[in-house]
Ligand SMILES: NC(=O)c1ccc[n+]([C@@H]2O[C@H](COP(=O)([O-])OP(=O)(O)OC[C@H]3O[C@@H](n4cnc5c(N)ncnc54)[C@H](O)[C@@H]3O)[C@@H](O)[C@H]2O)c1
Ligand SMILES: O=C(O)C[C@H](O)C(=O)O
């Protein structure tokens, strides 16, 4: 089962939960982790829009697990510990829409060219690997819990006034400061995951790491854009065609 296969079940669940948010707690911060995140976040946005309570700075798709996996798999290739590396991962949260920017790892590391394709593939399809191994009994539940906790904790710290907190997250670009620049760089897509600075009001500033992407990463981005545009339309139409 792919994340997209989950659409049929989860689209309605997310729609109904977010309808509750729109009606009863419209100022809530909504962190969507249910798959397919690429489509469930657009569904949440459409529901909130239809109730005239949409604020893009309060809606987040949780993509932290891709960054957790990326730093883990990078450390397996170059040595050290996962916590030694910060790997920007942009795009979406499924297969080829997950784009690790390995040229921007900090501290900078050299990935041997004969290991590059396999490493990128493992980062993109690590979640599918787990789903397949669990054979119908769920997904990467514990790592998802860790990723969800990590993101929620960062947001709570930022809401509490701590500064300089940046997390990767899948956001509605036109509604977040700095998002329009990213949107231009991704051919007009409305949703895309980039590192976002969190603050007392939610998403305060999206950063755009795309201009520094190398040729290899530009190729990955092209494939991601195609996949994402289909996923986003699917989410939006699920609500607009009701
Ligand atoms: N974004 C990520 O990084 C990430 C990572 C892993 C899994 N996921 C997604 O998280 C979701 C949960 O994964 P899991 O492995 O824990 O699945 P799971 O099947 O183990 O658990 C799903 C839970 O949802 C409950 N549920 C079903 N319908 C519901 C409803 N209408 N309202 C409220 N709860 C309902 C079920 O009772 C069950 O406890 C899936 O959509 C999965 O794809 C996301
Ligand atoms: O639930 C899935 O399909 C996989 C999950 O999104 C993951 O990244 O582990």
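The values are calculated or read from the model by the stated rules, or taken from the named source; none is laboratory data. As the structure is a computational prediction, the values presented were derived from the model and not from experiment. Positions of Cβ are backbone-derived with ideal geometry, glycine not excepted, and every protein chain shown enters the neighbour counts.
Values as computed for the structure displayed
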item	result
Some residue of region 217-224 being under 16 Å from the mean Cα position of the chain (by Cα), part of a strand (DSSP E or B) and crowded, with 22+ Cβ neighbours inside 10 Å	no
Residue count, region 164-184 (criterion: part of a loop (DSSP other than H, G, I, E, B) and in contact with a strand residue (DSSP E or B) (Cβ under 6 Å, 6 or more places away or on another chain))	3
Matching residues in region 79-113 - criterion: being within 30 Å of residue 40 (Cβ to Cβ), part of a loop (DSSP other than H, G, I, E, B) and touching a strand residue (DSSP E or B) at 6+ places or on another chain (Cβ under 9 Å)	85, 87, 88, 92, 93, 101, 105
Output for region 189-216, where each listed residue is more than 30 Å from residue 162 (Cβ to Cβ) and either without any contact (Cβ under 8 Å) to a residue 12 or more places away in the chain or buried (at least 21 other Cβ atoms within 10 Å of the Cβ) (or both)	215
Candidates 13, 9, filtered to the one that is surrounded by fewer than 24 Cβ atoms within 10 Å (Cβ to Cβ), within 12 Å of ligand 1 (Cβ to nearest atom), at pLDDT 95 or above and over 20 Å from residue 206 (Cα atoms)	13
Near pairs, Cβ below 6 angstrom, 6+ apart or cross-chain, from region 108-134 (under 16 Å from residue 78 (Cβ atoms)) to any residue that is within 13 Å of ligand 1 (Cβ to nearest atom)	123/69; 123/70
Selected residue (only one of 74, 53 is more than 18 Å from the chain's Cα centre (by Cα) and in a loop (DSSP other than H, G, I, E, B))	53
Flag if residue 89 is within 13 Å of ligand 1 (Cβ to nearest atom) and buried (at least 16 other Cβ atoms within 10 Å of the Cβ)	yes
Check on residue 235, buried (at least 21 other Cβ atoms within 10 Å of the Cβ) and either on the phi < 0 side of the Ramachandran plot or not in a loop (DSSP other than H, G, I, E, B) (or both)	yes
Some residue of region 176-188 being surrounded by fewer than 16 Cβ atoms within 10 Å (Cβ to Cβ), at positive phi, under 19 Å from the mean Cα position of the chain (by Cα) and at pLDDT 95 or above	yes
